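To keep things clear, I will list the structure first and then write my remarks on it.
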Amino acid sequence: MSRAMNVQLTEAEVVGKCKKAGVAISAVEPLPSGGTHLVCTTSEGAEQMRGEFKTKLVTGRVKRFPFYVPPSRW
């Protein structure tokens, strides 16, 4: 099972829900079309969050920013 998913929520909402559920995040980044790309640390955490986000999951291919560098690394 993949640890990555695309969610139609803001980055802050995704991080907040993961924190509340106790699921560790490996990577998180905004999507150009809106929404957030989330990679959980474990597949179990990803499965748990898929349940949390079931109505907000984006299916199919999604365009991502090339060479995205999080603001904390600037």
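Observations, loosely collected:
- Across the chain, the relative contact order, built from alpha-carbon pairs under 8 Å that are at least six residues apart, equals 37 percent.
- Residues with amide H under 5 Å from that of R64, placed H, sequence gap 5 or more: none
- Were the residues from S2 through K56 laid out at 0.36 nm apart, the gain over their Cα-Cα distance would be 17.7 nm.
- Convex hull volume per residue, computed on the Cα atoms of the chain, equals 93 Å³.
- Within a straight-line Cα-Cα reach of under 25 Å, K20 can be paired with the following lysines, leaving aside sequence neighbours fewer than 8 residues apart in one chain: K54, K56.
- Fewest-first ranking of E11, E29, using other Cβ atoms within 10 Å as the exposure measure: E29, E11
Rule-based calculations on the coordinates, nothing more; no lab input. From a predicted model like this one, the values you see are computed outputs, not experimental measurements. Using ideal geometry, Cβ is built from the backbone for each residue, glycine included, and neighbour counts are taken over all protein chains shown.
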